Every structure is written in C-alpha cells, then in structure tokens.
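Structure, as structure tokens:
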Amino acid sequence: MNIAVFVSGNGSNLQALIEAESRGDISPGKISLVVCDNPQAYALERAAKAGKKVFVLEAEKGKAREEYDRQVAERLEKEEIGGIVLAGFMRILSGEFIDRYKNRILNIHPSLLPKFKGARSIKDAFEAGTKETGVTVHFVTSELDAGPIILQEKVSVDEGETLETLKEKIHRIEHKVYPEVVKLFTRGKLKIQGDKVEIKE
Ligand code: GRF
C-alpha cells in the first residue's frame, strides 16, 4: 500500500517510519510521498536523505482550505496513495478531504486523548501537574483530535520530571508505536466499528 506521510516541522516521526520501512517493519506499507506545507521544515531534509518523493505546498493567504486540499488530493491520486499518515502536520484538513480518505487517515497525538487536545499538549499536561500522560494514535475524523482511537500508551510523569525529559519520553514512545500501527493498518488489521477500533491479530 502506498502511504503518504504529512509533515510540517521536525519530522522525527517521519524518520522513525522511514527507519521502520527500511527494516521491513511496515510492509506492505511503502512511504511513497512526503507532503509538507512548510519549505523550511527539517522533515524535508530527512525525506531527501532517504530519497523520498516530496510534495511541498505552502498555504496561500486567502486561498480556501478546500482548494489547498484539492491540490494535495490530486497529487495523492497521481501517486496512488492508499493511506495517509499525519506526523506533525499542522494544518487542519477540510471535511471534503477527510471524507474522500475516510478511514484511511491516521494521526498521532502526544497525550491520552480526549485529555489535552490541541497543539501544546505536552506542555499543557506538564503544567497541569498530571502524573500520567501518553500517546494516542487514532483515525482522523472532522472533529479535531478526536476520531476512533487505535492505540494508546501511557507515560508516567515522574518525580523531578522536566518538560524536556517528558517530551523526550513521549517522543520515544511515539517512534515505537506509530510504525507498529502503520504496519497493522497496511496489513488490514484495523477494523472500525462505530467509535471503536478492533485490532485483528
Ligand atoms: C509529535 O509530538 C506528534 O505527536 C504531534 O506533532 C509532533 C510531531 O513531531 N502530532 P515530529 O515532527 O514528528 O518530530
């Protein structure tokens, strides 16, 4: 299955997926395209180093979200993309795009959803003094940071934890779980039943 990974920034999850792919760990998934809205993203260097095809499309002021997404979808069609993996992509996708790729878009979020939605989840969880946070991988629906949860892994906030150490712990878990879920997805092991996802062994 041809996969497109969508990124905007650092791209450490993209890197983890690229490395998993080279070990044969996401097969039959194949990272066939990296989509990026930010020409300065470090993720693009990672993609280039791995020899991945990239599609960089900056948002233009005044251009409708739907129009941007249509241009992306056109490119995805060309590459015969079957699954989309959001990995730190900072744009909100239009309902039209999400419908078009219904049940074929995955996202990773650095908290135990539905707790700490939004773009500052690790900081928010840390500042709230929570003793436990984590990572969620879910299917994308038009409701932000919602959608059927595929997998969650907890991360403890220990005595003496700093925001930096917590971030590192969370990213380490992300880099482990995301390739695992992508593998299950490309192998057809994820079955959505209403709001729930069943993992078929
Ligand atoms: C990750 O923490 C992910 O959970 C969130 O955005 C961050 C992306 O990091 N959606 P990176 O660009 O993969 O390093």
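The values are calculated or read from the model by the stated rules, or taken from the named source; none is laboratory data. Being a predicted model, the structure only gives us computed values, none of them experimental. Positions of Cβ are generated from backbone atoms using ideal geometry, with glycine treated the same way; all protein chains shown enter the neighbour counts. Only protein heavy atoms, including side chains, enter the accessible area calculation; ligands, DNA and RNA are left aside. Shrake-Rupley method; radii C 1.70, N 1.55, O 1.52, S 1.80 Å.
Observations, loosely collected:
- In segment 22-54, residue least open to solvent (accessible area, probe 1.4 Å) [restricted to those that are more than 21 Å from A73 (Cα to Cα) and touching a residue at least 40 places away in the same chain (Cβ under 8 Å)]: I26
- Apart from one condition, F126 fits all of (1) more than 18 Å from V155 (Cα to Cα); (2) open to solvent by 20 Å² or more (accessible area, probe 1.4 Å); the exception is (1).
- Looking across segment 154-164, the residues that are within 15 Å of the ligand (Cβ to nearest atom) and open to solvent by less than 50 Å² (accessible area, probe 1.4 Å) come down to V155, L163.
- Selection status of N38, assigned to a loop (DSSP other than H, G, I, E, B) and under 13 Å from the mean Cα position of the chain (by Cα): no
- Segment 98-151, subset within 15 Å of the ligand (Cβ to nearest atom) and among the aromatic types (F, W, Y), residue nearest to K169 (Cα to Cα): F126
- Selection of strands (runs of 3 or more DSSP E) fully inside segment 66-183 by the criterion of at least 2 residues being at pLDDT 95 or above and in contact with an Asp or Glu (Cβ under 9 Å, 6 or more places away or on another chain) returns 105-109, 132-139, 149-156.
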